[in-house]
Structure formats: C-alpha cells, structure tokens
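**Student:** Structure in structure tokens, see below.
The values are calculated or read from the model by the stated rules, or taken from the named source; none is laboratory data. Since this is a predicted model, take the numbers as computed values, not measurements. Here the Cβ is made from the backbone with ideal geometry for all residues, glycine too, and neighbour counts use every protein chain on show. Heads up: the accessible areas ignore ligands, DNA and RNA and are worked out on the full protein's heavy atoms, side chains in. Shrake-Rupley method; radii C 1.70, N 1.55, O 1.52, S 1.80 Å.
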Amino acid sequence: MNILFASQVEKAESWLPLLESALPQDRFFAEPRDDIDIVLAATPPAGTFERLPKLKLVQSLWMGVEKLLEEPALPASVPLARLVDPGMVSAMTETVLACVLDWHRHLYRYRDYQRARRWHRHRQYLATDRTIGLLGLGELGSDAARRLLALGFNVAGWSRRPKKLDEVACSTSLEEVLSKSNAVVCLLPLTPQTRNVLNERTLKAIRQGGCLVNLARGGHVVTKDLLAALDSGHLAHAYLDVFDTEPLPEQDPLWRHPKVSITPHAAALTDPRTALPRIVQNIERARRGEPPLNLVDRAAGY
Ligand code: NDP
C-alpha cells in the first residue's frame, strides 16, 4: 500500500517510525501522488484530496472528523474512518474526572481563596448528591460514565439514538438530561444538529449552581450565553478546553473571566503508541478489501 501522511498538526516524526516498523511492506509519503491508496489525515494541507485517483481509505488521526467532512475534495465514495484510540479515551476520562472533582470539591474556589489568604469552607456534598449529565454516550461518554459511577456520582446521558448503559439514566431528550444535572460534560461530535446546543435556553435547564465542562468542540457552546449564565450566578463555573477560534485569541474575555478555567485543547491528545494498533488494523482491512472499523456515517456527520 502507498500511504500518505497528511497533517499540518500531527508530527510525522512521531508517527512514521512506528508506522514503518509495524507495516514494513508498505510505503509512506509526505506529498500527494497518483498512486496513493490510503491517507492518514488530521488537518491535511489544502488540496491534499484533489488528485488521488486510487484512494481506498481515509483514516483520521483524530477522534473528531468534522474538519475532514468539510474537505470539498474528499470523495464521497471513499470510506472515512475515525480514530478510536484507547489511550485517548482514558485521557479524556481523566480530564472529565479532574474537572468534575474540581467543581464538586470546590477546589476552583479554594484556589481563589488561597490567593486572598481567605480561610472559608463550603458545604460538603457527597458524590451521591450530584448528578453528572453527559452529552454524548459514545466511546468517550460511555467510558466517562463508568468511571463517574465508580466514584458514586449519579449519571445521566444524552444520545441521538436510544441507548442502554448500566446504571446510567440514558435519554434522547436533552431537556430531561439537563434538568437532572448538577454538572454537564459535553462529549458530542460537532454536527449541524449539535452546533450551539448549549445556549441560553439549554444552559438555564442545568441545575442552579452547576458547572459546564466542554471537552468536545467550541461550536457546541454559545459563548455569550454561557457568560450570561455565569455572570447571573446560575452556573458556578465553566471548564473549557475547546473554542471557536484556536488558539484562543489573547484579547478574548474568556481568558480573564473569574468563573472560567481554560485548557488549550488538551483534554485528550492522540498518542501514536496507543493509536497505532487501530490504524494498522484498518490498513490491514483495506488490504483485504474489507470496510474499515469506526466508519464515519457521513449523513449523521460523525
Ligand atoms: P462517538 O461518535 O463515539 O459518540 C458520539 C456520541 O454523541 C454518541 O452517543 C451519539 O449518539 C451522540 N450524538 C451525536 N449527535 C447527537 C445528537 N444530534 N443528539 C444527541 N446525541 C448525539 O464520539 P466520541 O465519543 O469518540 O467523541 C466525541 C467527540 O469528542 C469527538 O467528535 C470530538 O469532537 C471530541 N473530542 C475532543 C477531544 C479534545 O481533546 N478536546 C479529543 C477527542 C475527541 P448515538 O450513540 O445515538 O450515536
């Protein structure tokens, strides 16, 4: 197979030695050419898909594929597979737990108090007092659900299609999930249906004093509505990892908002060490003429 590594973000030097040793019979390239069979892509350079007549598979190097789906030259007939990287799933769950526990244990407040040398305790809640609402119950949401349940939290979750997960209050009604939730964690793909899903109306549905954790995409949240919900005291805190414009511009008011914690789209990074087996598996499937695992449903947009 001739395999094109096409990314302006992922570093070829981290991936290529691993790929070459796992797939010694294949050839790897950094520039498009007529005999490419497979593209490994994450933010590919402009024009990557314009002249690849033999293309059999596009394998994303990321879990989110909304940018690849916007590529005008991505052929509709070629399967697009997203990455499901077990290392990334664990990393994301760790970030979910870190944010939820930071809010639940009032640590974000105590950090402020330390700066003011203020000794003041807040009421302690038990995990069983809290319901964590997960928007998205896919690879990421379902793993986070299991680990939150293990800590004793109640978990509610929203998905597009009806779902059953042990001990999780699953629903296809967003209102139902939000109205139960003290903290809401967004782990949705960005699609036309999920863009701006966290807006004035839906943020109001979250329980008073709750928090929002957005680890999915900036486009899920209407920022001005979130700021209004924080300023009015309806929400206590927001943990934001993803933004409409990344890097977040220096002058953006989110940087300085006292109720916002910002991380630089670092909730879960692809780790070539854990991602590689899944990518190799899909390349082997393509070699045998089989459809890839984790095929993107282009109509659903994820
Ligand atoms: P999956 O495709 O496995 O799961 C997506 C979930 O969202 C599913 O439960 C799906 O429902 C649900 N969903 C999709 N559309 C809707 C809708 N319209 N209404 C209700 N629910 C909906 O995705 P992953 O869990 O692997 O990843 C989710 C997203 O996380 C990625 O798309 C990416 O954007 C983001 N991400 C962010 C990272 C970061 O570092 N910040 C790192 C990795 C991923 P159903 O079960 O019915 O299909």
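**Student:** According to a simple spin-label model (label point 7 Å from Cα along Cα-to-Cβ), what is the distance in nm between A228 and W119?
**Tutor:** About 4.2 nm separates the two model spin labels.
**Student:** List, in order, the whole-Hz ³J(HN,Hα) value for each residue of the stretch 239-251 obtained from phi through the Karplus relation with A = 6.51, B = -1.76, C = 1.60 and θ = phi - 60°; use x for Gly and Pro.
**Tutor:** Per residue, the Karplus-derived 3J(HN,Hα) values read 10, 10, 10, 9, 9, 4, 10, 10, x, 4, x, 4, 8 Hz.
**Student:** Leaving out ligands, DNA and RNA but keeping every protein chain, what accessible area does F28 have, in Å² rounded to the nearest 10, with a 1.4 Å probe?
**Tutor:** Taking all protein chains as shown, F28 has close to 40 Å².
**Student:** On a C-alpha basis, how far is the centre of the stretch 115-150 from the centre of the stretch 9-79 in Å? Whole number, if you could?
**Tutor:** About 38 Å separates the Cα centre of the stretch 115-150 from the one of the stretch 9-79.
**Student:** Right, here's the next one. What stretch of the chain, leaving out the sites themselves, is the longest with no trypsin sites (Lys or Arg not before Pro) in a DSSP loop having at most 10 other Cβ atoms within 10 Å?
**Tutor:** The reported range is 165-287.
**Student:** Further, regarding this structure: If the stretch 1-103 were replaced by its equivalent ellipsoid, with semi-axes equal to the square roots of 5 times the Cα gyration tensor eigenvalues, what would those be, largest first, whole Å?
**Tutor:** So the three semi-axes of the stretch 1-103 are 28, 17, 11 Å.
**Student:** Between the DSSP loop rule and a limit of at most 14 other Cβ atoms within 10 Å, which GluC sites (Glu not before Pro) in the stretch 1-69 are left?
**Tutor:** Taking the stretch 1-69 and a limit of 14 other Cβ atoms within 10 Å, the loop GluC sites (Glu not before Pro) found are E50.
**Student:** Per DSSP helix of 4 or more residues, -39500 (n - 2.57); summed, then divided by the residues of the chain. What does that give at 222 nm, rounded to the nearest 500?
**Tutor:** Counting only the DSSP helices, I get -9000 deg cm²/dmol.
**Student:** Report the label-to-label distance for N196 and S90 in nanometres (one decimal), using points 7 Å from each Cα along the Cα→Cβ vector.
**Tutor:** The modelled label-to-label distance comes out at 4.0 nm.
**Student:** What part of the accessible area of the chain, given as a whole %, is carbon or sulfur when the probe is 1.4 angstrom?
**Tutor:** 52
**Student:** Mean shadow of the stretch 86-262, computed from the convex hull of its alpha carbons, in nm²?
**Tutor:** 10.4
**Student:** If you take the C-alpha gyration tensor of the stretch 157-299, multiply each eigenvalue by 5 and take the square root, what semi-axes do you get, largest first, in whole Å?
**Tutor:** 32, 21, 13
**Student:** Put D34, D241 in order of accessible area, largest first, 1.4 Å probe: what do you get?
**Tutor:** Per-residue accessible area, sorted high to low, gives D34, D241.
**Student:** Using only alpha carbon pairs under 8 Å that are at least six residues apart, calculate the relative contact order of the chain and give it in whole percent.
**Tutor:** Over the chain, the number comes to 17 percent.
**Student:** I'd like to check one number: the per residue accessible area of the stretch 86-262, probe 1.4 Å, reported in Å² as a whole number.
**Tutor:** Per residue, the stretch 86-262 has an accessible area of 51 Å².
**Student:** What ratio of Cα Rg to 2.2 N^0.38 Å holds for the stretch 210-266?
**Tutor:** This ratio for the stretch 210-266 stands at 1.01.
**Student:** Can you list the lysines whose alpha carbon is less than 24 Å from that of K54, not counting same-chain residues fewer than 8 positions off?
**Tutor:** K67
**Student:** With only Lys, Arg, Asp and Glu charged, each at its Cβ (+1 for the first two, -1 for the last two), find how big the charge dipole of the chain is about the Cα centre; round to the nearest 20 debye.
**Tutor:** 1160
**Student:** Further, regarding this structure: When the Kirkwood radius is taken over all Cα pairs of the chain, what Stokes-Einstein diffusion coefficient follows at 20 °C and 1.002 mPa s, in µm²/s?
**Tutor:** Using the Kirkwood radius from Cα pairs, D works out to 104 µm²/s.
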